[in-house]
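Structure first, commentary second.
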Amino acid sequence: QAHVPRHELGQHGRNLRGCERRRGAAAPRSLAVVPLAALWLLLLVGAAQAAAGGVSPLLRGIADRGRAGEAALASDGDGRVGRTPLSVADERTKATPAPQLLREPDRSKPRPAYITAKPRDCFQIFFVHVEKTGGTTVRRLFEQQARAEGIEYYLQGYLKNGVDMSTPCEGRKGWYAPHCCTWKRLIADLKQNMTSHPRLFVEVRGSRIEKEKAMADLVELRERNGDQCPVVVFTMLREPHRLYTSFYRYFTTEEQYRRSAQFGTTFIDWIPFNMQTEIISGNDVGFKPVFGRNHERVARFMPGRPRAATYEDAASKLDQMDLVGITRGFNAMLLRLSDLTGIGQIQYKVANMQKGKTFEDLAAVNYADLRPHKLKGAPDAPPPEVAREYIQNHTDIDTKLFADYEAKWDAQIAGLGPAFKERLDMYESELLKQRSQRKPSQAWGVAGR
(Lines give C-alpha, C1' and ligand atoms only; values in the text may rest on other atoms or scores of the structure.)
Protein backbone atom coordinates (compact mmCIF):
# COMPACT_ATOMS: atom_id res chain seq x y z
CA GLN A 1 0.00 0.00 0.00
CA ALA A 2 1.33 3.42 -0.89
CA HIS A 3 2.27 5.84 1.88
CA VAL A 4 -0.76 7.72 3.17
CA PRO A 5 -0.09 11.43 3.73
CA ARG A 6 -0.61 12.61 7.31
CA HIS A 7 -3.47 14.88 6.33
CA GLU A 8 -5.45 11.95 4.92
CA LEU A 9 -5.51 10.18 8.26
CA GLY A 10 -7.45 12.98 9.96
CA GLN A 11 -9.69 11.82 12.76
CA HIS A 12 -9.51 8.30 11.30
CA GLY A 13 -5.74 8.02 11.74
CA ARG A 14 -6.06 6.43 15.15
CA ASN A 15 -8.55 3.90 13.77
CA LEU A 16 -6.13 2.74 11.10
CA ARG A 17 -3.16 2.57 13.43
CA GLY A 18 -5.26 0.75 15.99
CA CYS A 19 -6.35 -1.67 13.29
CA GLU A 20 -2.71 -2.29 12.41
CA ARG A 21 -1.88 -2.89 16.05
CA ARG A 22 -4.70 -5.38 16.37
CA ARG A 23 -3.61 -7.22 13.27
CA GLY A 24 -0.03 -7.20 14.61
CA ALA A 25 3.31 -7.59 12.85
CA ALA A 26 4.37 -11.06 11.80
CA ALA A 27 6.04 -12.79 14.73
CA PRO A 28 9.45 -14.31 13.98
CA ARG A 29 9.00 -18.06 13.87
CA SER A 30 12.22 -18.46 15.86
CA LEU A 31 10.39 -17.08 18.89
CA ALA A 32 7.91 -19.91 18.70
CA VAL A 33 10.49 -22.69 18.25
CA VAL A 34 11.54 -22.92 21.93
CA PRO A 35 8.08 -23.26 23.50
CA LEU A 36 6.90 -25.61 20.74
CA ALA A 37 10.00 -27.74 21.10
CA ALA A 38 9.36 -27.90 24.83
CA LEU A 39 5.79 -28.95 24.22
CA TRP A 40 6.85 -31.71 21.84
CA LEU A 41 9.34 -32.89 24.45
CA LEU A 42 6.47 -33.12 26.90
CA LEU A 43 4.48 -35.04 24.30
CA LEU A 44 7.31 -37.50 23.95
CA VAL A 45 7.37 -37.90 27.71
CA GLY A 46 3.63 -38.37 27.62
CA ALA A 47 3.96 -41.02 24.96
CA ALA A 48 6.43 -42.84 27.16
CA GLN A 49 4.01 -42.57 30.09
CA ALA A 50 1.21 -43.87 27.89
CA ALA A 51 3.32 -46.86 26.99
CA ALA A 52 3.89 -47.38 30.72
CA GLY A 53 0.14 -47.32 31.30
CA GLY A 54 -1.15 -43.77 31.92
CA VAL A 55 -1.10 -40.02 31.07
CA SER A 56 -1.87 -37.30 33.58
CA PRO A 57 -4.84 -35.00 32.69
CA LEU A 58 -2.58 -31.94 33.02
CA LEU A 59 -0.09 -33.33 30.52
CA ARG A 60 -2.90 -34.24 28.12
CA GLY A 61 -4.22 -30.66 28.31
CA ILE A 62 -0.77 -29.21 27.67
CA ALA A 63 -0.32 -31.46 24.66
CA ASP A 64 -3.68 -30.43 23.18
CA ARG A 65 -2.82 -26.75 23.62
CA GLY A 66 0.54 -27.32 21.94
CA ARG A 67 -1.15 -28.80 18.87
CA ALA A 68 -3.64 -25.91 18.77
CA GLY A 69 -0.81 -23.39 19.03
CA GLU A 70 1.08 -24.99 16.16
CA ALA A 71 -2.08 -24.98 14.05
CA ALA A 72 -2.56 -21.29 14.77
CA LEU A 73 0.98 -20.49 13.66
CA ALA A 74 0.65 -22.62 10.54
CA SER A 75 -2.59 -20.95 9.47
CA ASP A 76 -1.85 -17.38 10.50
CA GLY A 77 1.35 -15.64 9.47
CA ASP A 78 1.00 -12.90 12.05
CA GLY A 79 0.52 -15.36 14.95
CA ARG A 80 2.08 -14.77 18.33
CA VAL A 81 3.25 -17.34 20.84
CA GLY A 82 0.54 -18.74 23.11
CA ARG A 83 -2.38 -17.55 20.95
CA THR A 84 -5.20 -20.02 20.42
CA PRO A 85 -7.31 -20.35 17.25
CA LEU A 86 -10.18 -18.64 19.11
CA SER A 87 -8.06 -15.59 19.89
CA VAL A 88 -6.97 -15.45 16.23
CA ALA A 89 -10.61 -15.37 15.12
CA ASP A 90 -11.45 -12.67 17.66
CA GLU A 91 -8.55 -10.53 16.50
CA ARG A 92 -9.51 -10.83 12.85
CA THR A 93 -13.05 -9.81 13.69
CA LYS A 94 -11.76 -6.65 15.35
CA ALA A 95 -9.38 -5.89 12.45
CA THR A 96 -12.14 -6.19 9.83
CA PRO A 97 -15.15 -4.11 10.87
CA ALA A 98 -18.58 -5.43 10.08
CA PRO A 99 -20.23 -4.02 6.94
CA GLN A 100 -22.50 -1.02 7.22
CA LEU A 101 -26.02 -2.41 7.38
CA LEU A 102 -28.09 -0.48 4.86
CA ARG A 103 -31.13 0.63 6.82
CA GLU A 104 -34.40 1.83 5.46
CA PRO A 105 -34.60 5.62 5.73
CA ASP A 106 -36.57 7.04 8.63
CA ARG A 107 -39.52 8.79 6.99
CA SER A 108 -41.69 9.03 10.06
CA LYS A 109 -40.87 12.69 10.67
CA PRO A 110 -42.37 15.40 8.45
CA ARG A 111 -39.91 16.99 6.05
CA PRO A 112 -39.19 20.73 6.41
CA ALA A 113 -41.15 23.07 4.16
CA TYR A 114 -37.97 24.08 2.30
CA ILE A 115 -37.48 20.45 1.17
CA THR A 116 -39.80 20.04 -1.82
CA ALA A 117 -38.29 17.01 -3.59
CA LYS A 118 -39.91 13.65 -2.91
CA PRO A 119 -37.71 11.05 -1.18
CA ARG A 120 -36.08 8.55 -3.50
CA ASP A 121 -35.27 4.89 -3.00
CA CYS A 122 -32.17 5.11 -5.19
CA PHE A 123 -29.54 7.83 -5.69
CA GLN A 124 -25.74 7.87 -5.91
CA ILE A 125 -23.85 10.98 -4.80
CA PHE A 126 -20.17 11.51 -5.60
CA PHE A 127 -18.47 14.40 -3.83
CA VAL A 128 -15.14 15.60 -5.26
CA HIS A 129 -13.32 17.00 -2.22
CA VAL A 130 -10.89 19.87 -2.80
CA GLU A 131 -9.19 20.55 0.54
CA LYS A 132 -10.28 23.60 2.57
CA THR A 133 -13.44 24.28 0.60
CA GLY A 134 -15.93 22.96 3.17
CA GLY A 135 -15.42 19.29 2.35
CA THR A 136 -15.08 18.00 5.90
CA THR A 137 -18.42 19.60 6.74
CA VAL A 138 -20.02 17.76 3.81
CA ARG A 139 -18.38 14.51 4.92
CA ARG A 140 -19.65 14.77 8.49
CA LEU A 141 -23.13 15.73 7.31
CA PHE A 142 -23.46 12.43 5.47
CA GLU A 143 -21.86 10.47 8.31
CA GLN A 144 -24.35 11.95 10.76
CA GLN A 145 -27.40 11.59 8.53
CA ALA A 146 -26.59 8.12 7.18
CA ARG A 147 -29.04 6.40 9.53
CA ALA A 148 -31.94 8.79 8.95
CA GLU A 149 -31.47 8.70 5.18
CA GLY A 150 -30.53 5.01 4.96
CA ILE A 151 -27.28 5.93 3.18
CA GLU A 152 -24.27 3.69 2.61
CA TYR A 153 -21.22 5.94 2.59
CA TYR A 154 -17.57 5.68 1.59
CA LEU A 155 -15.29 8.45 2.74
CA GLN A 156 -12.17 9.37 0.78
CA GLY A 157 -10.01 6.83 2.64
CA TYR A 158 -12.52 3.98 2.57
CA LEU A 159 -11.70 3.06 -1.03
CA LYS A 160 -8.13 1.79 -1.14
CA ASN A 161 -5.79 2.42 -4.06
CA GLY A 162 -4.99 -0.22 -6.66
CA VAL A 163 -6.80 -2.51 -9.08
CA ASP A 164 -7.88 -5.30 -6.72
CA MET A 165 -11.32 -6.61 -7.74
CA SER A 166 -11.56 -9.48 -5.26
CA THR A 167 -12.54 -7.52 -2.14
CA PRO A 168 -16.30 -6.79 -2.17
CA CYS A 169 -17.63 -3.33 -1.37
CA GLU A 170 -19.74 -3.96 1.70
CA GLY A 171 -19.43 -0.63 3.47
CA ARG A 172 -16.46 -1.71 5.57
CA LYS A 173 -14.70 1.20 7.24
CA GLY A 174 -10.97 1.89 7.56
CA TRP A 175 -8.62 4.54 6.24
CA TYR A 176 -7.00 2.85 3.18
CA ALA A 177 -7.19 -0.44 5.12
CA PRO A 178 -6.55 -3.87 3.54
CA HIS A 179 -10.14 -4.99 4.12
CA CYS A 180 -11.55 -2.09 2.05
CA CYS A 181 -12.47 -2.40 -1.60
CA THR A 182 -11.13 -0.31 -4.47
CA TRP A 183 -12.75 2.41 -6.53
CA LYS A 184 -12.65 0.10 -9.56
CA ARG A 185 -14.57 -2.65 -7.74
CA LEU A 186 -17.25 -0.22 -6.55
CA ILE A 187 -17.73 1.19 -10.04
CA ALA A 188 -17.85 -2.31 -11.54
CA ASP A 189 -20.60 -3.26 -9.06
CA LEU A 190 -22.62 -0.16 -9.94
CA LYS A 191 -22.26 -0.76 -13.67
CA GLN A 192 -23.43 -4.33 -13.29
CA ASN A 193 -26.40 -3.45 -11.08
CA MET A 194 -27.38 0.12 -10.31
CA THR A 195 -29.31 -0.96 -7.21
CA SER A 196 -26.39 -2.88 -5.67
CA HIS A 197 -25.75 0.27 -3.63
CA PRO A 198 -29.10 2.09 -3.90
CA ARG A 199 -28.56 5.07 -1.57
CA LEU A 200 -24.88 5.91 -1.81
CA PHE A 201 -22.51 8.72 -0.83
CA VAL A 202 -18.88 8.56 -2.01
CA GLU A 203 -16.24 11.16 -1.13
CA VAL A 204 -13.34 11.28 -3.60
CA ARG A 205 -10.21 13.37 -3.17
CA GLY A 206 -10.00 16.00 -5.88
CA SER A 207 -6.69 14.72 -7.25
CA ARG A 208 -7.96 11.13 -7.41
CA ILE A 209 -10.59 12.00 -10.01
CA GLU A 210 -7.81 12.28 -12.58
CA LYS A 211 -5.68 9.45 -11.18
CA GLU A 212 -8.56 6.96 -11.34
CA LYS A 213 -9.88 8.40 -14.62
CA ALA A 214 -13.07 8.61 -12.61
CA MET A 215 -15.06 11.16 -14.61
CA ALA A 216 -15.48 8.79 -17.54
CA ASP A 217 -16.89 6.16 -15.15
CA LEU A 218 -19.27 8.65 -13.53
CA VAL A 219 -20.53 10.00 -16.84
CA GLU A 220 -21.22 6.43 -18.00
CA LEU A 221 -23.06 5.63 -14.76
CA ARG A 222 -25.14 8.80 -15.05
CA GLU A 223 -26.20 7.87 -18.59
CA ARG A 224 -26.98 4.26 -17.60
CA ASN A 225 -29.05 5.13 -14.56
CA GLY A 226 -30.97 8.09 -15.92
CA ASP A 227 -33.71 9.37 -13.63
CA GLN A 228 -34.37 5.91 -12.19
CA CYS A 229 -31.35 6.21 -9.88
CA PRO A 230 -29.77 9.64 -10.43
CA VAL A 231 -26.00 10.00 -10.24
CA VAL A 232 -24.99 13.42 -8.93
CA VAL A 233 -21.36 14.58 -9.02
CA PHE A 234 -20.52 17.81 -7.21
CA THR A 235 -17.62 19.82 -5.84
CA MET A 236 -16.88 23.11 -4.12
CA LEU A 237 -14.43 25.86 -5.11
CA ARG A 238 -13.09 28.64 -2.90
CA GLU A 239 -11.73 32.12 -3.51
CA PRO A 240 -7.93 31.56 -3.88
CA HIS A 241 -6.69 34.00 -1.21
CA ARG A 242 -9.00 32.46 1.38
CA LEU A 243 -8.06 28.95 0.34
CA TYR A 244 -4.29 29.56 0.51
CA THR A 245 -4.30 31.18 3.94
CA SER A 246 -6.65 28.54 5.35
CA PHE A 247 -4.70 25.65 3.82
CA TYR A 248 -1.40 26.99 5.13
CA ARG A 249 -2.66 27.40 8.70
CA TYR A 250 -4.42 24.04 8.81
CA PHE A 251 -2.00 21.73 6.97
CA THR A 252 1.32 23.34 6.12
CA THR A 253 2.35 24.80 9.47
CA GLU A 254 2.30 21.29 10.93
CA GLU A 255 4.40 19.95 8.02
CA GLN A 256 6.90 22.77 8.48
CA TYR A 257 7.11 21.96 12.18
CA ARG A 258 7.74 18.27 11.46
CA ARG A 259 9.71 18.46 8.18
CA SER A 260 11.11 21.94 7.77
CA ALA A 261 13.95 20.67 5.55
CA GLN A 262 11.37 19.74 2.91
CA PHE A 263 8.63 22.32 3.47
CA GLY A 264 10.64 25.33 4.60
CA THR A 265 9.92 27.53 7.58
CA THR A 266 7.80 30.35 6.15
CA PHE A 267 4.69 30.92 4.09
CA ILE A 268 6.91 32.18 1.25
CA ASP A 269 8.93 28.94 1.27
CA TRP A 270 5.81 26.84 0.81
CA ILE A 271 3.44 28.73 -1.47
CA PRO A 272 2.66 26.68 -4.62
CA PHE A 273 1.11 27.75 -7.89
CA ASN A 274 -2.63 27.43 -8.66
CA MET A 275 -3.64 24.91 -6.02
CA GLN A 276 -7.26 24.31 -7.07
CA THR A 277 -6.34 23.91 -10.72
CA GLU A 278 -3.60 21.43 -9.86
CA ILE A 279 -5.69 19.39 -7.40
CA ILE A 280 -8.62 18.97 -9.77
CA SER A 281 -6.13 18.01 -12.51
CA GLY A 282 -4.68 15.16 -10.44
CA ASN A 283 -1.78 16.68 -8.49
CA ASP A 284 -1.49 16.62 -4.69
CA VAL A 285 -0.09 20.12 -4.63
CA GLY A 286 0.32 21.68 -1.21
CA PHE A 287 1.17 18.35 0.37
CA LYS A 288 4.36 17.93 -1.67
CA PRO A 289 7.66 19.67 -0.86
CA VAL A 290 8.49 22.40 -3.35
CA PHE A 291 12.27 22.23 -3.11
CA GLY A 292 14.79 20.72 -5.51
CA ARG A 293 17.86 18.64 -4.67
CA ASN A 294 19.90 21.74 -3.85
CA HIS A 295 17.08 23.22 -1.78
CA GLU A 296 16.14 25.61 -4.56
CA ARG A 297 12.50 26.49 -5.10
CA VAL A 298 10.92 24.76 -8.07
CA ALA A 299 7.76 25.47 -10.01
CA ARG A 300 6.78 21.86 -10.58
CA PHE A 301 5.41 19.80 -7.74
CA MET A 302 5.78 16.16 -8.69
CA PRO A 303 8.93 14.50 -10.13
CA GLY A 304 8.67 13.89 -13.83
CA ARG A 305 5.54 15.98 -14.32
CA PRO A 306 5.90 17.27 -17.89
CA ARG A 307 3.98 20.51 -17.39
CA ALA A 308 1.88 22.42 -14.93
CA ALA A 309 -1.88 21.98 -15.08
CA THR A 310 -3.83 24.39 -17.26
CA TYR A 311 -7.20 26.08 -17.01
CA GLU A 312 -8.49 23.66 -19.63
CA ASP A 313 -7.34 20.64 -17.60
CA ALA A 314 -9.46 21.68 -14.62
CA ALA A 315 -12.41 23.02 -16.62
CA SER A 316 -12.72 19.75 -18.54
CA LYS A 317 -13.38 17.95 -15.22
CA LEU A 318 -15.63 20.63 -13.74
CA ASP A 319 -17.84 20.89 -16.82
CA GLN A 320 -18.76 17.21 -16.52
CA MET A 321 -20.04 17.62 -12.94
CA ASP A 322 -23.66 18.28 -12.05
CA LEU A 323 -22.94 20.97 -9.46
CA VAL A 324 -19.87 23.17 -9.09
CA GLY A 325 -20.56 25.36 -6.10
CA ILE A 326 -18.60 27.89 -4.09
CA THR A 327 -18.15 28.06 -0.33
CA ARG A 328 -20.09 31.33 -0.18
CA GLY A 329 -23.05 29.39 -1.59
CA PHE A 330 -22.69 26.35 0.67
CA ASN A 331 -26.31 26.37 1.84
CA ALA A 332 -27.65 26.79 -1.68
CA MET A 333 -25.45 23.86 -2.75
CA LEU A 334 -26.99 21.53 -0.16
CA LEU A 335 -30.51 22.63 -1.05
CA ARG A 336 -29.82 21.93 -4.74
CA LEU A 337 -28.40 18.54 -3.78
CA SER A 338 -31.68 17.80 -1.99
CA ASP A 339 -33.63 18.80 -5.10
CA LEU A 340 -31.64 16.37 -7.27
CA THR A 341 -31.55 13.38 -4.91
CA GLY A 342 -34.51 13.75 -2.57
CA ILE A 343 -32.47 13.75 0.65
CA GLY A 344 -34.24 15.62 3.41
CA GLN A 345 -31.70 15.87 6.22
CA ILE A 346 -29.34 18.74 5.34
CA GLN A 347 -28.73 20.44 8.68
CA TYR A 348 -25.06 20.46 9.56
CA LYS A 349 -22.38 21.72 11.93
CA VAL A 350 -19.33 23.33 10.36
CA ALA A 351 -16.08 21.40 10.83
CA ASN A 352 -12.53 22.69 11.37
CA MET A 353 -13.57 26.12 12.57
CA GLN A 354 -11.00 27.88 14.74
CA LYS A 355 -12.20 28.02 18.33
CA GLY A 356 -13.83 31.30 19.24
CA LYS A 357 -14.33 32.36 15.62
CA THR A 358 -17.68 33.06 14.04
CA PHE A 359 -18.63 32.76 10.40
CA GLU A 360 -18.68 36.50 9.99
CA ASP A 361 -14.92 36.40 10.67
CA LEU A 362 -14.51 34.49 7.40
CA ALA A 363 -15.77 37.40 5.33
CA ALA A 364 -12.31 39.05 5.33
CA VAL A 365 -9.07 37.32 4.36
CA ASN A 366 -6.61 37.10 7.24
CA TYR A 367 -3.08 37.55 5.90
CA ALA A 368 -1.54 38.14 9.33
CA ASP A 369 0.76 35.84 11.27
CA LEU A 370 1.31 33.22 8.56
CA ARG A 371 4.06 31.22 10.26
CA PRO A 372 4.57 27.81 11.94
CA HIS A 373 4.12 28.74 15.61
CA LYS A 374 5.26 25.37 16.98
CA LEU A 375 8.62 25.57 15.17
CA LYS A 376 11.22 27.09 17.46
CA GLY A 377 13.30 29.78 15.80
CA ALA A 378 10.98 30.11 12.80
CA PRO A 379 11.32 33.45 10.97
CA ASP A 380 8.69 36.12 11.41
CA ALA A 381 5.59 35.93 9.27
CA PRO A 382 5.62 38.04 6.09
CA PRO A 383 3.81 41.36 6.35
CA PRO A 384 0.16 41.01 5.24
CA GLU A 385 0.72 43.06 2.09
CA VAL A 386 3.64 40.79 1.08
CA ALA A 387 1.59 37.64 1.69
CA ARG A 388 -1.26 39.08 -0.38
CA GLU A 389 1.09 39.89 -3.25
CA TYR A 390 2.64 36.42 -3.22
CA ILE A 391 -0.76 34.75 -3.38
CA GLN A 392 -1.79 37.03 -6.21
CA ASN A 393 1.36 36.15 -8.17
CA HIS A 394 0.83 32.40 -7.67
CA THR A 395 -2.87 32.13 -8.53
CA ASP A 396 -3.37 33.52 -12.01
CA ILE A 397 -5.18 30.41 -13.28
CA ASP A 398 -7.00 29.78 -10.01
CA THR A 399 -8.27 33.35 -9.95
CA LYS A 400 -9.75 33.06 -13.44
CA LEU A 401 -11.13 29.57 -12.74
CA PHE A 402 -12.88 30.69 -9.57
CA ALA A 403 -14.23 33.90 -11.10
CA ASP A 404 -15.71 32.02 -14.05
CA TYR A 405 -17.38 29.30 -11.99
CA GLU A 406 -18.55 31.75 -9.35
CA ALA A 407 -20.35 33.68 -12.09
CA LYS A 408 -21.86 30.45 -13.45
CA TRP A 409 -23.03 29.44 -9.98
CA ASP A 410 -24.61 32.82 -9.23
CA ALA A 411 -26.39 32.74 -12.60
CA GLN A 412 -27.64 29.19 -11.95
CA ILE A 413 -29.08 30.11 -8.55
CA ALA A 414 -30.65 33.32 -9.89
CA GLY A 415 -32.22 31.30 -12.70
CA LEU A 416 -34.10 29.17 -10.17
CA GLY A 417 -36.29 32.17 -9.41
CA PRO A 418 -37.93 33.61 -6.30
CA ALA A 419 -39.37 30.27 -5.18
CA PHE A 420 -35.91 28.82 -4.60
CA LYS A 421 -34.81 32.06 -2.90
CA GLU A 422 -37.74 31.78 -0.50
CA ARG A 423 -36.88 28.16 0.32
CA LEU A 424 -33.20 29.08 0.82
CA ASP A 425 -34.20 31.86 3.24
CA MET A 426 -36.31 29.37 5.21
CA TYR A 427 -33.43 26.90 5.34
CA GLU A 428 -30.91 29.50 6.49
CA SER A 429 -33.32 30.82 9.12
CA GLU A 430 -33.58 27.34 10.57
CA LEU A 431 -29.79 26.96 10.56
CA LEU A 432 -29.45 30.27 12.43
CA LYS A 433 -32.05 29.13 14.93
CA GLN A 434 -30.11 25.93 15.53
CA ARG A 435 -26.92 27.92 15.80
CA SER A 436 -28.35 30.21 18.49
CA GLN A 437 -29.21 27.18 20.61
CA ARG A 438 -25.62 25.95 20.65
CA LYS A 439 -22.35 27.11 22.13
CA PRO A 440 -20.22 29.48 19.99
CA SER A 441 -17.82 26.62 19.16
CA GLN A 442 -20.76 24.60 17.78
CA ALA A 443 -22.21 27.16 15.40
CA TRP A 444 -24.33 26.02 12.45
CA GLY A 445 -24.58 27.45 8.98
CA VAL A 446 -22.18 29.21 6.61
CA ALA A 447 -21.99 32.93 5.95
CA GLY A 448 -18.39 33.36 4.80
CA ARG A 449 -16.58 32.86 1.53
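The values are calculated or read from the model by the stated rules, or taken from the named source; none is laboratory data. As the structure is a computational prediction, the values presented were derived from the model and not from experiment. No Cβ is skipped: glycine too gets one built from the backbone with ideal geometry, and neighbour counts run over all protein chains shown. For accessibility, only protein heavy atoms count, side chains too; no ligands or nucleic acids. Shrake-Rupley method; radii C 1.70, N 1.55, O 1.52, S 1.80 Å.
Using heavy atoms of the protein chains and a probe of 1.4 Å, the accessible area assigned to ARG328 is about 90 Å². The shape of segment 125-185 comes out oblate: with a ≥ b ≥ c from the C-alpha gyration tensor, a/c is at least 1.5 while a/b does not beat b/c.
What a 1.4 Å probe finds exposed on segment 387-438 is 54% carbon and sulfur by accessible area, rounded to a whole percent. Near PHE420: Cβ cut-off under 15 Å, other residues only, Lys/Arg at +1 and Asp/Glu at -1. The net charge is -2.
With the full set of protein chains in place, find how many percent of the accessible area of segment 129-247 is carbon and sulfur; take the probe as 1.4 Å.
Numbers: 1730 of 3720 Å².
Its accessible area is 47 percent carbon and sulfur atoms.
Using the Cα centre as the reference, give the magnitude of the dipole from point charges on the C-beta atoms of segment 121-264 (Lys, Arg: +1; Asp, Glu: -1; all else neutral), rounded to the nearest 20 debye.
Working: 22 positive and 18 negative charges, 100 e Å.
Dipole about the Cα centre, nearest 20: 480 debye.
With a probe of 1.4 Å, find how much accessible area segment 181-272 has per residue, and write the answer as a whole number in Å². Show your work: numbers first, answer last.
Numbers: 3070 Å² over 92 residues.
For segment 181-272, the solvent-accessible area averages 33 Å² per residue.
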